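Reviewing the structure listed below.
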Amino acid sequence: MHPFEAEKPPQLANLLGYAGLLPFVSGALGIWVIPLGWRPFVLEALLDFAALILAFMGAIHWGLAMRAEANDEQAQIQLGLSVIPPLLGWLAISAGLPMGLALPTLLVAFVGLHFADVHAVKLGLAPRWYSSLRLPLTVVVSLSLLLAWASVLIA
């Protein structure tokens with residue numbers, strides 16, 4: 001069976017994907033349990049990591065699109081869209097947005113990225129297992145960003 005046909009992600013992809021959740025979960029929970037003076041530092045670290053991961057995920061889509069035939073219009077669209085996640089991440093950390101706006105910007109970027117992940121699988125650009133790996137990761141990232149956003153809205 002070709003690796004693109006596998007239903008389950010490779011074990012290493014699972015391990016690395018779930019390990020990548022540690023900064024999201026620890027940051028989102030940490031905001032609620034650390035002294036108030038540390039909260040801005042933890043929020044900034046969470047934003048920085050989220051923006052970094054958006055750039056990484058955008059690069060994955062760039063790479064997937066490059067694997068396609070040069071005249072594949074859908075792949076070219078995927079290539080163009082691959083720059084949106086890092087741009088949103090950059091906007092969230094560099095534009096001086098208040099936390100109450102930066103966090104939902106990142107949240108929207110990750111949710112949109114999930115739809116791009118699903119689309120890449122449907123186009124045959126990504127392996128069949130990619131959606132089954134990305135969905136739970138996206139849910140945990142989204143919940144983490146929501147939890148962090150709630151701490152900003154309540155404060």
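The values are calculated or read from the model by the stated rules, or taken from the named source; none is laboratory data. On a predicted model such as this, the values are computed, not experimentally measured, just so you know. Please note: Cβ atoms are built from the backbone with ideal geometry, for glycine as well, and neighbour counts cover all protein chains shown.
Could you tell me which residue of segment 40-86 is farthest from Tyr130 (Cα to Cα), considering only residues that are modelled with pLDDT of 95 or more and among the acidic types (Asp, Glu)? Per the criteria, the residue is Glu44.
Looking at segment 70-93, can you tell me whether even one residue there is touching a residue at least 60 places away in the same chain (Cβ under 8 Å) and either more than 20 Å from Ser144 (Cα to Cα) or buried (at least 22 other Cβ atoms within 10 Å of the Cβ) (or both)? Explain how you work it out, then say what you get.
First pass over segment 70-93, keeping only residues touching a residue at least 60 places away in the same chain (Cβ under 8 Å): none.
There is no residue in segment 70-93 that is touching a residue at least 60 places away in the same chain (Cβ under 8 Å) and either more than 20 Å from Ser144 (Cα to Cα) or buried (at least 22 other Cβ atoms within 10 Å of the Cβ) (or both).
The residue of segment 28-55 that is surrounded by the most Cβ atoms within 10 Å (Cβ to Cβ), among those that are among the small types (Gly, Ala, Ser) and under 16 Å from Trp149 (Cα atoms), is Ala50.
Gln78: part of a helix (DSSP H, G or I) and touching a Phe, Trp or Tyr at 6+ places or on another chain (Cβ under 9 Å), yes or no? Taking the combined requirement at face value, the residue satisfies it. Just one of the listed residues (Gly58, Gly63) is more than 20 Å from Leu153 (Cα to Cα) and either surrounded by fewer than 20 Cβ atoms within 10 Å (Cβ to Cβ) or of a type in the set (Lys, Arg) (or both), and it is Gly63.
Being of a type outside the set (A, V, I, L, M), outside any helix (DSSP H, G or I) and crowded, with 21+ Cβ neighbours inside 10 Å is the filter here; which residues of segment 99-130 pass it? Residue satisfying the conditions is Pro127 alone.
Within segment 20-32, is even one residue free of Cβ contacts under 8 Å to residues at least 60 places away in the same chain, of a type in the set (A, V, I, L, M) and over 15 Å from Leu137 (Cβ atoms)? Walk me through it before giving the result.
Within segment 20-32, the first condition is being free of Cβ contacts under 8 Å to residues at least 60 places away in the same chain, and the residues that meet it are 22-23, 26, 30.
Keeping just the survivors that are of a type in the set (A, V, I, L, M) gives 22.
Cutting the leftovers down to over 15 Å from Leu137 (Cβ atoms) gives us none.
No.
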